[in-house]
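Asks: Supplied in structure tokens, the structure appears directly below.
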Amino acid sequence: MKRYFVQHGEMDVHITEWGDKNSPTIFCLHGLGSTSFSFIEIAESLQDMYRFISIDAPGHGKTAPFQDPRSYEMPKLAFWIDQLVNILKIDRFYFLSHSWGSFVTMFYLLEYHERVIGTILIDGGYQTKRQMDQSLEEEIEYYEKDFEGYVFDTWSEYLEAEKEAYTRWSPLIEVAVKDLAFEKDNKIIWHVRGSTAKSIIQAMHKHETEDIYENLPSNIILLSAGLPYKNGSYYEETTEFFKERTNSVVKIIDNTTHMLHWDSPQTVIEGIKNNWG
């Protein structure tokens with residue numbers, strides 16, 4: 001594994017890379033609030049077969065946020081990613097994404113699908129905002145409060161809180177979790193600021209994925225978390241709507257939360273092996 005920066009315009013983008021450059025490339029895009037280490041267990045397991053390129057998206061990890069909030073809008077962000085792919089000299093690749101990253105992935109596929117050999121969405125892209133009960137203002141308020149208020153006095157307190165948030169723990173998850181926070185003014189704070197979250201939520205509401213479902217390629221696999229189904233019909237309805245409109249393969253993974261790839265990394269690993277061989 002190696003970590004480095006590449007210059008993209010005026011921005012230094014932080015990259016985590018596993019595997020050999022001559023192996024097939026899997027480009028990874030994490031969810032809101034995460035970093036390139038989100039896929040660490042999967043990449044560590046498959047680095048002898050694939051080259052993993054995982055980025056800290058703007059405003060996450062060690063990549064600075066966009067100066068203009070409009071840069072987070074889906075078509076613009078998809079174009080930004082395609083430019084980054086060119087900078088990294090990647091011709092064609094597999095796309096692996098989680099949560100918000102999967103929303104962005106779908107807009108990338110809309111315009112640049114010829115570069116993508118296959119796509120696996122990890123519990124993202126199907127939760128259309130239009131069918132949610134929560135308004136834009138309510139969702140922004142939630143994320144701003146959540147990100148700005150996640151503050152601890154010590155690293156040990158932070159890690160204990162994080163351990164309680166997930167269904168399983170491992171040494172590699174701990175590495176990923178440590179990447180989600182930094183120390184400032186003798187406090188441990190979340191690496192993503194509320195302003196970044198606000199820009200991203202606004203962008204997701206402005207450009208609805210359901211409006212492009214029927215124009216997407218058919219080689220998409222969605223791994224959908226099973227446990228949210230217990231919270232009501234929203235997830236069932238949006239998953240079925242996604243499946244019908246995109247003709248994608250949808251697999252509901254029992255006993256997994258939204259952090260499906262941390263709950264069951266083997267499911268994602270097997271999905272990659274079986275479908276991307």
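The values are calculated or read from the model by the stated rules, or taken from the named source; none is laboratory data. Treat the numbers as computed from the prediction; the structure is a model and nothing was measured. Here Cβ is always computed from backbone atoms with ideal geometry, including for glycine, and neighbour counts include all displayed protein chains.
Asks: Scan the range 144-168 and report the pairs whose first residue is closer than 18 Å to T257 by Cβ and whose second residue is part of a helix (DSSP H, G or I) and of a type in the set (D, E, K, R), with Cβ atoms within less than 8 Å and a gap of 6+ or a chain change.
Replies: So the pair list comes out as Y166/D263; T167/D263; R168/D263.
Asks: Any residue at all in the range 117-132 that's over 20 Å from T239 (Cα atoms) and out of contact with any helix residue (DSSP H, G or I) (no Cβ under 7 Å at 6 or more places or on another chain)? Break it down into steps so the answer makes sense when it comes.
Replies: The first filter runs over the range 117-132 and keeps only residues over 20 Å from T239 (Cα atoms), leaving 117.
From the residues that got through so far, the ones that are out of contact with any helix residue (DSSP H, G or I) (no Cβ under 7 Å at 6 or more places or on another chain) too are 117.
Yes, the range 117-132 contains at least one residue that is over 20 Å from T239 (Cα atoms) and out of contact with any helix residue (DSSP H, G or I) (no Cβ under 7 Å at 6 or more places or on another chain).
Asks: Go through the range 8-36 and report how many residues are among the β-branched types (V, I, T) and without any contact (Cβ under 8 Å) to a residue 60 or more places away in the chain.
Replies: Quick first cut of the range 8-36, residues among the β-branched types (V, I, T) only: 13, 15-16, 25-26, 35.
Pick out the ones that are also without any contact (Cβ under 8 Å) to a residue 60 or more places away in the chain and you get 16.
Looking only at that region, the number is 1.
Asks: Quick test for you: out of L227, L180, L223, L216, pick the one residue that is surrounded by fewer than 18 Cβ atoms within 10 Å (Cβ to Cβ) and hydrophobic (A, V, I, L, M, F, W, C).
Replies: Details: L180 fails: surrounded by fewer than 18 Cβ atoms within 10 Å (Cβ to Cβ); L223 fails: surrounded by fewer than 18 Cβ atoms within 10 Å (Cβ to Cβ); L216 fails: surrounded by fewer than 18 Cβ atoms within 10 Å (Cβ to Cβ).
Sole residue among the options that is surrounded by fewer than 18 Cβ atoms within 10 Å (Cβ to Cβ) and hydrophobic (A, V, I, L, M, F, W, C): L227.
Asks: Now for a different question. Looking at (1) surrounded by fewer than 18 Cβ atoms within 10 Å (Cβ to Cβ); (2) farther than 20 Å from L110 by Cα, which one does V13 not meet, given that it meets all the others?
Replies: All conditions pass for V13, except number (1).
Asks: Run T167 past the list (1) on the phi < 0 side of the Ramachandran plot; (2) surrounded by fewer than 18 Cβ atoms within 10 Å (Cβ to Cβ); (3) modelled with pLDDT under 95 and report the number of the one that doesn't hold.
Replies: (3)
Asks: Quick check on L172: is it within 23 Å of H205 (Cβ to Cβ) and hydrophobic (A, V, I, L, M, F, W, C)?
Replies: Details: within 23 Å of H205 (Cβ to Cβ): no; hydrophobic (A, V, I, L, M, F, W, C): yes.
No.
Asks: On the given criteria, is D211 surrounded by fewer than 15 Cβ atoms within 10 Å (Cβ to Cβ), over 30 Å from E73 (Cα atoms) and without any contact (Cβ under 8 Å) to a residue 12 or more places away in the chain?
Replies: Working: surrounded by fewer than 15 Cβ atoms within 10 Å (Cβ to Cβ): yes; over 30 Å from E73 (Cα atoms): no; without any contact (Cβ under 8 Å) to a residue 12 or more places away in the chain: yes.
No.
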